[in-house]
Amino acid sequence: MRALVTGVGRRLGFYLCEQLVAAGWQVTGQYRSARPELERLRALGVELIQADFTRPREVAALAAALAHCPDLGLIIHNASAFEPLAEDAAGRLAQLDRFYQVHMAAPFALNQALAPRLASNDNASIIQITDIYIHAPPPQFAGYVATKAGAHTLAMSLARELAPRVRVNTIEPGPILFLDEHGDAWRQQVLAKTPLAREGGLEPIWQAVQLLLSNTYMTGASIKVDGGRSLASL
């Protein structure tokens, strides 16, 4: 079976590609910008397709490339845009549009185009990566979190629409792997309120993916992978 993973240029998307290949999947990976590390994925047999999700024509081209794959059984929407809130109103509006294109419009377009292909295979799944902060959005990341929340809502709607042929679930990561942009003060603040008191790393997300793939009675579910962070005040 074939899986499409978006946002494979680094971090979680890259790691998920490696794990899926090791598990026997044929993998197509979308990336926005070329990186030398991508050659490692090509060497594993991953089909790599460049697409900038802020450009609808490139999203459509990616969907068209997958339309010829009769064995498409999984889409993992991992592509993400992140940056701190801009200082001025115009900058914030531009950010919101970018976040919307990446987190909501592109996954929506891919799902609509590829749902019939998924539905032709048994136990097909869509997994949307969101964020625990959709439940308590911090003001400094308002646009980012708002569009992640929108992605969650679209996934829940899609779970109802595509049942029973395609299962749709979400994973809500917490402090699994901080970005440089988060800053030391933010990291310490988050970990101080995380019961397990550490970054989780990428493996727990893969374990959640495995659960969603193997448990065929799960759809419309959201799994928090956050070290207990959501138990505290976000």
Exercise. When only Cα pairs under 8 Å and 6 or more residues apart are kept, what is the percent relative contact order across the chain?
Worked result: 17
Problem set entry | Estimated FRET transfer efficiency when R0 is 25 angstrom, pair ARG165-ALA64 (beta carbons, to 0.05) | 0.70
Exercise. From the residues ALA63, PHE53, TYR31, which one has its Cα farthest along the dipole of the stretch 1-68 in the positive direction, the dipole being from +1 and -1 charges on Cβ of Lys/Arg and Asp/Glu about the Cα centre?
Worked result: PHE53
Exercise. Which value at 222 nm does the chain reach when only helices count, each DSSP H run of 4 or more adding -39,500 (n - 2.57), with the total divided by all residues and rounded to the nearest 500 deg cm²/dmol?
Worked result: -13000 deg cm²/dmol
Problem set entry | Highest-first arrangement of 115-124, 5-14, where packing means the average Cβ count within 10 Å | 5-14, 115-124
Exercise. Once the Cα atoms of helix 56-66 and of the chain are each reduced to a long axis, what angle between those two axes, in degrees from 0 to 90 to the nearest 10, is obtained?
Worked result: 40
Seminar exercise, completed: From the Cα centre of the stretch 1-56 to that of the stretch 99-157, the distance in Å is 18
Seminar exercise, completed: Tilt, helix 142-162 to longest principal axis of the chain (alpha-carbon atoms), in degrees rounded to tens, equals 30
Problem set entry | Accessible area expressed per residue, the stretch 76-173, with surrounding protein chains retained (probe 1.4 Å, Å²) | 42
Exercise. Put a dot 7 Å past each Cα toward the Cβ at ARG11 and ALA119; how far apart are the dots in nm?
Worked result: 3.4
Exercise. Ranked highest first by the average count of other Cβ atoms within 10 Å around their residues, in what order do 215-225, 149-159, 17-27 fall?
Worked result: 149-159, 17-27, 215-225
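The values are calculated or read from the model by the stated rules, or taken from the named source; none is laboratory data. Treat the numbers as computed from the prediction; the structure is a model and nothing was measured. Quick reminder, even Gly has a Cβ in these numbers, built from the backbone with ideal geometry, and neighbours come from all protein chains shown. Remember, those area values only see protein heavy atoms, side chains included, never the ligands or the DNA or RNA. Shrake-Rupley method; radii C 1.70, N 1.55, O 1.52, S 1.80 Å.
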